[in-house]
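Heads up, the thing below is written out as structure tokens.
The values are calculated or read from the model by the stated rules, or taken from the named source; none is laboratory data. Model, not experiment: these values are computed from the prediction. Please note: Cβ atoms are built from the backbone with ideal geometry, for glycine as well, and neighbour counts cover all protein chains shown. Side chains included, ligands, DNA and RNA excluded: accessible areas come from the protein's heavy atoms. Shrake-Rupley method; radii C 1.70, N 1.55, O 1.52, S 1.80 Å.
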Amino acid sequence: MTLATATKRSANGASARRGADHGAWFLVLPALIPILVLSVGPLLYGITLAFTDSQSGRTEPTQWVGALNFQDLLHDTLFWDSFRIGLIWAFGVTVPQFFLALGLALLLNQPLRMRWLARALAIIPWAMPEVVVGIMWRLVYHPDAGVLNETLSNLGLGEGKDWLTGTATALFAVIVVGVWAGMPQTTVALLAGLQNTPRELHEAAAMDGAGAWRRFRTVTWPAIKPIALAITALNFIWNFNSFALVYVLTQGGPGGRTRLPMLFAYEEAFRYGQFGYAAAMGCVMVAVISVILAFYLVGRLKGGDES
């Protein structure tokens, strides 16, 4: 083969690769454009808005104020109180959600009669819109005609309470709804991991004399651990950013006891018209979520290196 022929073939190969790359980008564009328009674009606009004094109803042009909104945010005790409530809500929903979903997934993985029906019923809360879930649970918690108070009264467990408007019970009542609504999603993810675990490993461990707890610790948990970590991290993010469910249930009340950060930002933007200030709150929340994701990814990479 002459040098000219080799050079020509190399050029043809490079041209073919460039053509393949262009074709791949052409195929990706239909999915990439909506992401850029509906996600990346609004995110960048929101970050830009956080450095302005944008307000509704003002006639003067919007001014660039730098980090003034963030400085005001540092001294806003109401925001940091909502931030604290958001963390309590996120942990209070995510942790019980995981353990209850794990128990339910282990149960549904057993060879039970009518297992298909139990699995179908288990995902019903997941299929319901959050607004419908909120309205349904408002009826359950109703102080006069609610199912919960009626049941407690019939059992002789005390007088009925106003669960969603009582300052001592509102956050707990909302957390219960959040656990109930989000548990099916976690159950489905964990059940998929359990079904992919080779049954031979369980049989071998049982033959070696391992009990149920030891089989779970040495066989089941290592198999579903990546799924468990992923779904828990996602659940925490979704719960921290929750809006519709809590808004329908309490609208952040009573007295701000259930005002999550997303609700606080919504009120600042659309009730008081402080768009720049609300955008700064959104940036802080994005930063918190980014830190959580960074810890998760670092943990995953370390886990992969150790394995």
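For region 121-136, which residues satisfy the criterion of being part of a helix (DSSP H, G or I) and either touching a residue at least 60 places away in the same chain (Cβ under 8 Å) or open to solvent by less than 80 Å² (accessible area, probe 1.4 Å) (or both)?
122, 124, 125, 126, 130, 131, 132, 133, 134, 135, 136
Which numbered condition trips up residue 278, out of (1) farther than 30 Å from residue 52 by Cβ; (2) small (Gly, Ala, Ser); (3) in contact (Cβ under 8 Å) with a residue 12 or more places away in the chain?
For residue 278, the failing item is (1).
For every residue, the table says whether it meets (1) at pLDDT below 90; (2) surrounded by 10 or more Cβ atoms within 10 Å (Cβ to Cβ); (3) under 22 Å from residue 280 (Cα atoms).
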site: 16; (1), (2), (3): yes, yes, no
site: 39; (1), (2), (3): yes, yes, yes
site: 52; (1), (2), (3): no, yes, yes
site: 73; (1), (2), (3): no, yes, yes
site: 96; (1), (2), (3): no, yes, no
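Any residue in region 203-219 that is under 16 Å from residue 103 (Cβ atoms) sitting within a Cβ distance under 9 Å of a residue that is at pLDDT 85 or above? List the pairs, counting only those 6 or more apart or interchain.
Qualifying pairs under 9 Å: 216/106.
Looking at (1) in contact with a helix residue (DSSP H, G or I) (Cβ under 6 Å, 6 or more places away or on another chain); (2) of a type outside the set (D, E, K, R); (3) under 22 Å from residue 247 (Cβ atoms), find the lone condition where residue 167 falls short.
Evaluating residue 167 over (1) in contact with a helix residue (DSSP H, G or I) (Cβ under 6 Å, 6 or more places away or on another chain); (2) of a type outside the set (D, E, K, R); (3) under 22 Å from residue 247 (Cβ atoms) leaves (1) as the failure.
Which is surrounded by fewer than 20 Cβ atoms within 10 Å (Cβ to Cβ) and more than 28 Å from residue 55 (Cβ to Cβ), of 288, 248, 298? Give the steps one after another, and end with the answer.
Working: 288 fails: more than 28 Å from residue 55 (Cβ to Cβ); 248 fails: more than 28 Å from residue 55 (Cβ to Cβ).
That would be 298, the only listed residue that is surrounded by fewer than 20 Cβ atoms within 10 Å (Cβ to Cβ) and more than 28 Å from residue 55 (Cβ to Cβ).
Going by the conditions given, is residue 64 aromatic (Phe, Trp, Tyr), touching a Gly at 6+ places or on another chain (Cβ under 9 Å) and either under 30 Å from residue 176 (Cβ atoms) or free of Cβ contacts under 8 Å to residues at least 60 places away in the same chain (or both)?
Working: aromatic (Phe, Trp, Tyr): yes; touching a Gly at 6+ places or on another chain (Cβ under 9 Å): no; either under 30 Å from residue 176 (Cβ atoms) or free of Cβ contacts under 8 Å to residues at least 60 places away in the same chain (or both): yes.
Spelling it out, it is not the case that residue 64 is aromatic (Phe, Trp, Tyr), touching a Gly at 6+ places or on another chain (Cβ under 9 Å) and either under 30 Å from residue 176 (Cβ atoms) or free of Cβ contacts under 8 Å to residues at least 60 places away in the same chain (or both).
Quick one: residue 234 ticks every box in (1) in contact (Cβ under 8 Å) with a residue 40 or more places away in the chain; (2) within 26 Å of residue 288 (Cα to Cα) except a single one, so which number is it?
Only one criterion in (1) in contact (Cβ under 8 Å) with a residue 40 or more places away in the chain; (2) within 26 Å of residue 288 (Cα to Cα) is unmet by residue 234, namely (1).
Which one of 285, 281, 262 is at pLDDT 90 or above, more than 30 Å from residue 139 (Cβ to Cβ) and part of a helix (DSSP H, G or I)?
Unique residue meeting the criteria: 281.
For region 141-189, name all the residues that are in a loop (DSSP other than H, G, I, E, B), open to solvent by less than 30 Å² (accessible area, probe 1.4 Å) and under 21 Å from residue 93 (Cβ atoms).
Passing the criteria: 141, 164, 166, 169.
For region 75-94, give me each residue that is closer than 23 Å to residue 271 by Cβ, open to solvent by 80 Å² or more (accessible area, probe 1.4 Å) and touching a residue at least 24 places away in the same chain (Cβ under 8 Å). Working first, answer last.
As a first pass, look at region 75-94 and keep what is closer than 23 Å to residue 271 by Cβ: 75-86, 89.
Remaining after also requiring open to solvent by 80 Å² or more (accessible area, probe 1.4 Å): 75, 77-78, 80, 84.
Within region 75-94, just 78 meets the criteria.
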